[in-house]
Each structure stands twice: as structure tokens, then as C-alpha cells.
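Working notes, beginning with the structure itself.
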Amino acid sequence: MIRTVFRGVGGFVPDNIVTNQDLTELMDTSDEWIIARTGIKQRHWINEEMGSSDLAVEAVGAAVENAGIELLDIDCIVFATLSPDHTFPGSGCFLQEKIGLAGIPALDVRNQCSGFIYGLSVADAWIRTGQYKCVLLVGAEVHSTGINITTEGRDVACIFGDGAGAVILTPSQDSQRGVLSTHLHADGKYARSLWIEAPGSRFLPLRISKDMIDQGRHFPKMKGRHVFTHAVKRMPEVILQGLEANGLGVDDVDLFIPHQANQLITEAVAQILGFDTKRVYSNIARYGNTTAASIPLCLRDAQEDGRLKTGDLVVLASFGAGFTWASAVVRW
Ligand code: COA
């Protein structure tokens, strides 16, 4: 039986660190409020013109080196982002040109915080059917140029950071290792609970107008408490669904890597499932919420910290806009 294994991981964040204290110069907030409500101490924001594909280039270089492969071995790109360089084409095409892999397919995945696991599910299916043998899966975001960095937008602005993570996925004949399962969900009833309304193709006569910009409809809007309530319900559900599908339980898990949405969400999910803190990975304090990049950035950091060992059972889980939620059970 063919399984998909993580052959290499890499990540990149821009140099420019924005602390909570820095945000107090831009909006009415405080270091204490942000740490208490989110666990975030700082985030990285670009300070020169860079798109999500530019951040991805750096992460890809690190992942290729970590995997011990040549760039030319990659035969497919899957790029998860909610902040593409341009409206179209997808960032996967821009990345492909920048890393010089003309001809191979480049798929963009638009599933926000669940984008990495949705992308993993697609890549895993392609690898198991033999369609591709070396998939580059990227999650990359530039949030900082899209958020309202005034008091009006402070609930969202304090959360999001820029960054990129990349993994190299290859087949293995060892049926005990690799991606054991992925489970994906969505509920579009809540699409407007966390979204950017404009520009939008449904608006006449143009996708965006000066009035819309004046009303701030091009900024992300979030019903924070609503997102929180659903996240702490759906993430435990989808984790248990993944474990049960493999005949495993919470006690079997060596490391739980949640999407880094909010430290309070991570702690609530861990408590509901009975994960002690030693088995839960968190780096949100340093990067904030980097959406599709958050799980691969965790994988990069966890590997560097020596917390990912061959044979470990790792559970990835996410919740975000859509709403979408997902889990992956992986034997590292
Ligand atoms: N600094 C200071 N005060 C802030 C603030 C900030 N950065 N952001 C919001 N507030 C204020 C609000 O304006 C509100 O003030 P009011 O009572 O005068 O109206 C007050 O804090 C409470 O707001 P509320 O939204 O109820 O706070 P909260 O405890 O729910 O925390 C979030 C807000 C956004 C941190 C929290 O809801 C959250 O993290 N939700 C999940 C969001 C998430 O994970 N999003 C990513 C999707 S994966």
C-alpha cells in the first residue's frame, strides 16, 4: 500500500517584527489585552513589496534542502492561500515561474485556515493513485497589506501575521508511515461570519467602488466569538473522527499540531480532548495567525525543536473561514 510521507519541511517569515507594543501606535489596544485574549506577542509583517508567492519561494528553498531532493524532482505544486499575489492567476503559477519549474501543474487552494489540510488531502490522493510522485505543498499569506490597522479593525488586525510554510510530499511503500487519513468539512451557512466581501464579481457595475472602500468592505470582518464557539466544537469532533477512522485514540497521539488561530482555542481544544500541554504544539506567540501557513510553520519549528521523530503519531487540525474544518492523522 502506498502512503504519502513528509519528506521535507521549510518555512519563512519576513524579517520585520511587529510587537503588540508597536500596534498600540496604530490603534487603541494593549500588549496585555492581546496576550490575554490571543496568546500573541508579535507577528511578522512585510515592509517591502512581496506577495505570498515571494514568501513561498524562501520556504520552498528550505523544504527542498531539508528533503535532500533537487528542485527539478518536484512534479506538482499545490498552493494554499487566501491572500494571492493577484486576483488571478493563482499564486501557484507565480511561484512556479519564480522557482523555474515551467510545465508542471500548479493548483491554488482557497480554503483559508484549513487550506493546508485541504491541500494535503488532494496531494495525498494524487500520490496514492500514482499521478504525481513529488508534490510541493505550500501555505503562504501576506495579511498585513489587507487588514484595517486602525482601532476599527483591531480585533482582526492584532491576530494576523505574514509567513509561508512548505512541505515536500513523496510516496512510501511502508504502509505504517505517512498520511493515514484526512477528513474535511465545510458549512457555508457561516460564510459571512469571517470574510472579505469586496471586491466581488457579483457587484454591479464594478467589483469594487469608492463607496465600498469608504465603508471598509474590502477589509476582513470577523464575528470573533462566533468563530471561537464553533472552532472549539468542530476541531475536537474532526480530530476524533480522524483518530477513530484509524482505530486510534487520544492517548496514542504524540504531538497535536493545531492551526494557530488563537492560543485560547488551542487550549480549549486540548482540554476537551485531554491533551496535556507537552503534547500540544504552539508558536502563535511569535507569528500570530498565519492562516494557511500556520501548520507548515509549526511542522518546521517542531522539527527544529526535535519534537517530530520518525514513528511519532501527529495529528493536524484546523478551523477557519467558510466555515471549514479538517484533520489529518500522520505517522511521522
Ligand atoms: N484590543 C483591545 N480591545 C479589543 C481588541 C484589541 N485588539 N479587539 C477587540 N477589542 C474589544 C472589542 O472592541 C470589545 O470592546 P467593547 O466591549 O467595548 O465592544 C471587547 O474588546 C470585547 O470584544 P470581543 O470581540 O467580545 O472579544 P473576545 O474576547 O471575543 O476576543 C477575539 C476577540 C477576536 C480575540 C476572539 O473572539 C477570537 O480570537 N476569536 C476567534 C478568532 C479567530 O480565531 N479567527 C481566526 C479564524 S481561524
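We did not get these values from a lab; they are worked out from the coordinates using the rules stated. Only a predicted model underlies this, so the values are computations on that prediction, with no experimental measurement involved. With ideal geometry, Cβ positions are generated from the backbone for all residues, glycine too; neighbour counts draw on all protein chains shown.
Placing dummy labels 7 Å off each Cα toward the beta-carbon, the span from Glu304 to Lys221 is 3.8 nm. Protection proxy ranking, highest mean first, for peptides 319-331, 124-136: 319-331, 124-136, where packing is the per-residue count of other beta-carbon atoms within 10 Å, averaged. Where in the range 109-134 does the label zone of Ser201 land, with the point 7 angstrom along Cα→C-beta and an amide N cut-off under 18 Å? The answer is 109-112, whose backbone nitrogens lie closer than 18 Å to the label point. Inter-label distance, Glu32 to Ala125: 5.1 nm, where each label sits 7 Å from its Cα along the C-beta direction. Taking 19 Å as the straight-line reach from the Cα of Lys278, the aspartates and glutamates in range (excluding those fewer than 8 positions away in the same chain) are Asp251, Asp252, Asp254, Glu267, Asp301, Glu304, Asp305, Asp312.
Between the range 120-149 and the range 1-71, the C-alpha centres lie 15 angstrom from each other. Each residue, His86 and Asp254, gets one label point 7 Å from its Cα in the Cβ direction; the gap between the two is 4.4 nm. Extension gain, Asp22 to Asp276, is 88.1 nm, computed as 0.36 nm per intervening residue step minus the present C-alpha separation. When peptides 273-279, 193-199 are sorted by average Cβ neighbour count within 10 Å, with the highest value leading, the order is 193-199, 273-279.
Placing +1 on the Cβ of every Lys and Arg and -1 on the Cβ of every Asp and Glu, with nothing else charged, gives the range 3-172 a dipole about its Cα centre of roughly 840 debye.
With 0.36 nm allotted per residue and the present C-alpha distance subtracted, the Asp73-Glu244 stretch has 58.1 nm of extension available.
In terms of overall dimensions, the C-alpha atoms belonging to the chain reach 57, 47, 37 Å along their principal axes, ordered largest to smallest.
Since only Ile40, Gly242, Met50 are under comparison, the one whose Cα sits farthest along the positive direction of the charge dipole of the chain, derived from C-beta charges on Lys, Arg, Asp and Glu, is Gly242. Pairs from the list Lys41/Lys189; Lys189/Lys233; Lys98/Lys133; Lys41/Lys133; Lys41/Lys223 with a Cα-Cα gap above 28 Å: Lys41/Lys189; Lys41/Lys133.
Averaged over all directions, how much area does the convex hull of the C-alpha atoms of the range 178-331 cover when projected, in nm²?
On the way: hull surface 41.5 nm².
The directionally averaged projection comes out at 10.4 nm².
One equal scatterer on each Cα of the range 3-172, no solvent, Debye formula: the resulting log10 I(q)/I(0) at q = 0.19 Å⁻¹ is -1.11. Dividing the helix sum by the residues of the chain, where each DSSP H run of 4 or more adds -39500 (n - 2.57), gives a mean residue ellipticity at 222 nm of -9500 deg cm²/dmol. This model, with +1 at the C-beta of Lys and Arg and -1 at the C-beta of Asp and Glu, gives the range 124-185 a dipole about its Cα centre of some 320 debye.
In sequence order, the range 273-282 has phi-based couplings of 8, x, 7, 6, 4, 4, 9, 10, 9, 8 Hz under the Karplus curve 6.51 cos²θ - 1.76 cosθ + 1.60, θ = phi - 60°, and Gly or Pro positions carry x. Restricting the calculation to Cα atoms, the range 122-235 yields a radius of gyration followed by a Dmax of 19.2, 58 Å.
Averaged over residues, the count of other Cβ atoms within 10 Å places the peptides 98-110, 24-36, 56-68 in the sequence 56-68, 98-110, 24-36, highest first.
Taking the Cα centre of the chain as origin and assigning +1 to Lys and Arg Cβ atoms and -1 to Asp and Glu Cβ atoms, the resulting dipole is close to 980 debye.
Restricting the count to DSSP beta bridges whose residues both fall in the chain, what percent are antiparallel, rounded to a multiple of 5?
Working: 37 of 52 bridges.
Just about 70 percent of them are antiparallel.
Averaging the Cα positions of each part gives two centres, and for the range 176-224 and the range 277-332 these lie 23 Å apart.
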